[in-house]
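I have placed the structure first, in the form of structure tokens, so that the comments after it can refer back to it.
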Amino acid sequence: MAKDTPYVDVQNLSKSFGALKLFSQICFSIAEGQKVGLIAKNGTGKSTLLSVLAGKEGYDNGDIIFRRDLTIGFLEQSPVFDPEESVLDACFNHQGEAEKVLKAKQVLTQLKIRDLHQPMGQLSGGQQKRVALANVLLMEPDFLILDEPTNHLDLEMIEWLEGYLARGNKTLLMVTHDRFFLDRVCSVIMELDDQTIYTYRGNYSYYLEKRQERIDNRRAEIARANNLYRTELEWMRRMPQARGHKARYREEAFYELEKVAKQRLEERQLRLKASNVYIGSKIFECQYISKRFDDVVILKDFYYNFSRFEKMGIVGNNGTGKSTFIKMLLGQVPVDDGRIVIGDTVKFGYFSQEGLQFDESQKVIDVITAIADYVDLGSGKKLSASQLLQYFLFTPEQQYNYVYKLSGGERRKLYLCTVLMKNPNFLVLDEPTNDLDIVTLQILEEYLQDFPGCVIVVSHDRYFMDKVVDHLLVFKGNGDIKDFPGNYTQYREWEKLNSQNTPSNQNTSNNQSNQNNQPKPSYRHDDRRRMSYKEKREFEQLEKDIAALEAEKKQIEEALCGATTSVDEITTMSKRLPVLNDELDEKSLRWLELSEIEN
């Protein structure tokens, strides 16, 4: 077979589960050396498509043609192992050869699996996923199919895997919600949308740009069809039933036109802004708290005074105590020394890694209405349970599905809705991005950006953290916690610059010397707060916006007083002026809020 034959060629592939059609007549091919990212909303068939390609699941019709003698390595979303076999035995391709065993140890060490003789049944789900990933990489297959490879990896592991997959002529197809990972590894993005595959030959940033172009073009096509449809509908109503050949042709064309005109592109939801969330000036104060488990130190005399409206990110390698810190804050794990004082007005909303155990026989809408019928957004506005679900992309039909029919990602999304429906003023989100699709992540990012309360996010998703948080706690391990005034990308840039400025002959094991080069922990003993980096940028932009709006207002007022302004121009300006005043009031109020923060 020719060298340029695609690794896999998919023709007219269809798959359904009962009445639910996942994809229909899809076609695509993947060539040698291509690194392809697959994007789709939860529940639309991403994992199913990977399983079909890997031969783990059947399909309704179509053809899947692989290059002859192609070897395939498949990382499942939830791999299953024999609980009795050891970690090393689970990496079944080593075959006892010393060289293979050494390589297995190297890869497993990179993924922080160190006890190679431990039975698989004693490992957590995340550790088992990492062993499965190591297994696939050690096979060195021609074609890698990876379902959420970055789940359960810390930032250090993700960056290692990024480099590993980006090097050389590897061929892969993967599903991941990690947009930094997609940007840096993938050269092709495939989107599964409305049962169809769309291919974009570029990275994630290129995909975003071209996808919007596709949506805009489709929207314009539907608008044109609607205009023509109205004309043709009048013709259909006027024409007698006994039509000639030309009329019948026009009638057939009308029904084709009707199909296009009645299409509905999924509109992005309006940004959900709540103004009825109140939280007092006292949030929480960690008063020199300490925590350890046997020889593992989590916190040591840690002081922190959390500020009002703060959006904090917590990052660090697995096992450094991030989730434990959150559970101490929520009162689920006791502190050894010191105490945590919580403000009287604080109402936590906690989204945990473990998730919520649902009653499988409940309908989706009933899960939410059992909490509340609506959320009060303030200013007389209410958001019903159904509207909240629709905001997070549960269609009216899906809302009346039973929970047992939901995919893993849809269950995580429903769990998120149960947290938000309680209308908290302090959100604590532990790995919220796991198993959520990218569209849902974008909606959640906007929700958190506009959220008028406090937020703590623990996440390994760098893109998500950059969008949401304005400052970080970095858990280094052994009780070493650093407070950094910025987002994750800014922290990595600072860390890189700091390492370059460190003399090469410095002993890196000298903890005291290293600490001198680190940002100082935020030991704040009062309630004053400094502007974050994001707030400074917002403050500067507000000054520019206010000046531009005032200039426009002055221009309109002068024009309205002039004798040369036409009636149409007066009408347009009269409509613009109250909108302009509202914008000025809103931006001026925000400017005053920010100006009260210490710069």
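The values are calculated or read from the model by the stated rules, or taken from the named source; none is laboratory data. Everything quoted here is computed from the prediction, not taken from an experiment. Positions of Cβ are backbone-derived with ideal geometry, glycine not excepted, and every protein chain shown enters the neighbour counts. Accessible surface areas use protein heavy atoms only, side chains included; no ligands, DNA or RNA. Shrake-Rupley method; radii C 1.70, N 1.55, O 1.52, S 1.80 Å.
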What's the total number of residues in the range 336-379 that are under 25 Å from Arg308 (Cα atoms), open to solvent by less than 80 Å² (accessible area, probe 1.4 Å) and of a type outside the set (Ser, Thr, Tyr)? 13
So Tyr350 fits all but one of (1) among the aromatic types (Phe, Trp, Tyr); (2) without any contact (Cβ under 8 Å) to a residue 60 or more places away in the chain; (3) under 24 Å from Val277 (Cβ atoms); what number is the exception? (2)
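Conditions tested, residue by residue: (1) farther than 24 Å from Phe181 by Cα; (2) modelled with pLDDT under 90.
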{"position": "Asp4", "(1), (2)": "yes, yes"}
{"position": "Gln11", "(1), (2)": "yes, no"}
{"position": "Lys15", "(1), (2)": "yes, no"}
{"position": "Phe23", "(1), (2)": "yes, no"}
{"position": "Cys27", "(1), (2)": "yes, no"}
{"position": "Ile39", "(1), (2)": "no, no"}
{"position": "Asn42", "(1), (2)": "no, yes"}
{"position": "Lys46", "(1), (2)": "no, no"}
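To keep it simple, each residue is scored yes or no on (1) touching a Cys at 6+ places or on another chain (Cβ under 6 Å); (2) touching a residue at least 60 places away in the same chain (Cβ under 8 Å); (3) hydrophobic (A, V, I, L, M, F, W, C).
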residue: Leu50; (1), (2), (3): no, yes, yes
residue: Ala54; (1), (2), (3): no, yes, yes
residue: Tyr59; (1), (2), (3): no, no, no
residue: Glu76; (1), (2), (3): no, yes, no
residue: Phe81; (1), (2), (3): no, no, yes
Six or more apart or on different chains, Cβ under 8 Å: which pairs go from a residue in the range 97-125 that's at positive phi to one that's part of a helix (DSSP H, G or I) and open to solvent by less than 90 Å² (accessible area, probe 1.4 Å)? Could you list them? Lys112/Arg130; Lys112/Met157
Got a number for residues in the range 476-499 being part of a helix (DSSP H, G or I) and more than 23 Å from the chain's Cα centre (by Cα)? 6
So which residues in the range 187-203 are β-branched (Val, Ile, Thr) and under 17 Å from the mean Cα position of the chain (by Cα)? Ile189
Members of the range 444-476 that are open to solvent by 20 Å² or more (accessible area, probe 1.4 Å) and either touching a Cys at 6+ places or on another chain (Cβ under 7 Å) or of a type in the set (Ser, Thr, Tyr) (or both): Tyr447, Tyr463
Might you check whether a residue that is more than 20 Å from Thr176 (Cβ to Cβ), in contact with an Asp or Glu (Cβ under 9 Å, 6 or more places away or on another chain) and open to solvent by less than 70 Å² (accessible area, probe 1.4 Å) occurs anywhere in the range 133-153? yes
Kindly establish whether Tyr404 is in contact with an Asp or Glu (Cβ under 7 Å, 6 or more places away or on another chain) and surrounded by fewer than 17 Cβ atoms within 10 Å (Cβ to Cβ). yes
Scan the range 416-426 for residues that are open to solvent by 20 Å² or more (accessible area, probe 1.4 Å) and hydroxyl-bearing (Ser, Thr, Tyr) and jot them down. none
In the range 163-173, what residues are at pLDDT 90 or above and under 13 Å from Leu137 (Cβ atoms)? Gly163, Tyr164, Leu165, Lys170, Leu172
Within the range 103-114, is even one residue farther than 22 Å from Leu165 by Cβ and surrounded by 15 or more Cβ atoms within 10 Å (Cβ to Cβ)? no
Within 27 Å of Ser24 (Cα to Cα) and either at pLDDT below 65 or in contact with a strand residue (DSSP E or B) (Cβ under 9 Å, 6 or more places away or on another chain) (or both): which single residue out of Asn203, Asn217 fits that description? Asn203
Can you list the strands (runs of 3 or more DSSP E) lying wholly within the range 1-69 that have 1 or more residues being surrounded by 13 or more Cβ atoms within 10 Å (Cβ to Cβ) and under 23 Å from the mean Cα position of the chain (by Cα)? 20-30, 35-39
Mind telling me which of the residues Ser29, Ser24 ends up being closer than 27 Å to Leu208 by Cβ and without any contact (Cβ under 8 Å) to a residue 40 or more places away in the chain? Ser29
Can you tell me how many residues within the range 446-475 are among the aromatic types (Phe, Trp, Tyr) and over 17 Å from the mean Cα position of the chain (by Cα)? 1
Residues that are aliphatic (A, V, I, L, M) and under 23 Å from the mean Cα position of the chain (by Cα), at least 3 per element: which helices (runs of 4 or more DSSP H) completely within the range 73-186 meet that? 155-166
Which one is most open to solvent (accessible area, probe 1.4 Å), of the residues in the range 296-335 that are of a type in the set (Phe, Trp, Tyr) and not in a strand (DSSP E or B)? Phe309
Might you let me know whether the range 349-372 holds any residue that is in contact with a strand residue (DSSP E or B) (Cβ under 9 Å, 6 or more places away or on another chain) and farther than 22 Å from Gly408 by Cα? no
Selection from the range 154-209 of residues that are among the charged types (D, E, K, R), farther than 21 Å from Thr440 by Cα and open to solvent by 50 Å² or more (accessible area, probe 1.4 Å): Glu156, Glu159, Arg167, Lys170, Arg184, Arg201
Single residue of Glu550, Glu586, Glu558 found to be touching a residue at least 12 places away in the same chain (Cβ under 8 Å), part of a helix (DSSP H, G or I) and open to solvent by 100 Å² or more (accessible area, probe 1.4 Å): Glu550
